[in-house]
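The block underneath contains the structure these notes are about, expressed in structure tokens.
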Amino acid sequence: MDGRFEGNKIYVDLEVRSPNPLLNESSRKISVILDTGCTGDLILTYADAFPLALTLVGLEEYTIADGSRVKFFECIGIVRFGDKSIFCTVSIRPSGSPLMGISLLKKIGYVIEIDFIKNTVIFKKENANLTSITKLSDFPDKKAETK
Amino acid sequence: MTDIIPSPSPAPEELASKGEKIYFGRKDELEKTKLGQYAVIEVDSGEIFTDIDKLIAIQEAKKKYPDKLFYIVQIGNLKQSLKSEIGEVKRYGWTF
């Protein structure tokens, strides 16, 4: 499971889908930028998110770097990365690059090794205290895999 | 056949306005004990679900209020109420 450099950005291919078991066919592979400054799990654009039929759960408000406030619609989705599928939060916005935050990497249980000289990114499995989803119907009745 | 009339979802502005009011009403208490955690607020009851993991806080809120939308904020991220900020732009992740 590797990422790739494009310019100075690290891209990772994730498969994202709706938590609704009736919508499994809606999964899409999306290239996202690994953003170490992103505190959320995943940020997608409306164009990426709408076809996935993610579950809307509310509105999140942030203060951004210039001190102003932004509100993102907040959804729940399922991300597949390597051999693991996990529930995650997905913030959606009108435009911009899709971003993957560090918290998602933690949940998936991978250690990232970046070589800026060779421009290589390698994701290594870590024995994190995580388990893969076995049933999509686990949500929202169980705390699923993110403990 | 029974008609099912869904409860209307609040407009985003209403959700944010009510949520912010509840958050700032309990901001000091929340920042003392749960700084950095996520607060998921059900705006009609005023109930707040918190966890360091946003997903878990949302799941807990959804268990109790499966059909509701929530106002979500990271505790400590918002410094003051929107109404007191001059020049603040309300927006949903974009600016026209």
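Computed quantities for the displayed model
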read-out: Rough spin-label spacing in nm, given labels placed 7 Å along Cα→Cβ, for B:ASP28 and A:ASP13; value: 5.5
read-out: A:LYS118/B:GLU47 FRET efficiency (R0 51 Å; Cβ-Cβ; nearest 0.05); value: 0.50
read-out: Where labels lie 7 Å past Cα in the beta-carbon direction, separation of A:LEU23 and A:THR45 in nm; value: 2.0
read-out: Nearest-20 debye value, region B:25-65 charge dipole, Cβ charges on Lys, Arg, Asp, Glu; value: 80
read-out: Rel. contact order, % - alpha carbon contacts under 8 angstrom, at least six apart, region A:1-84; value: 30
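Bear in mind these aren't lab numbers, they're just calculated from the coordinates by the rules spelled out. Only a predicted model underlies this, so the values are computations on that prediction, with no experimental measurement involved. Counting neighbours? That spans all protein chains shown, and the Cβs are built from the backbone with ideal geometry, glycine included.
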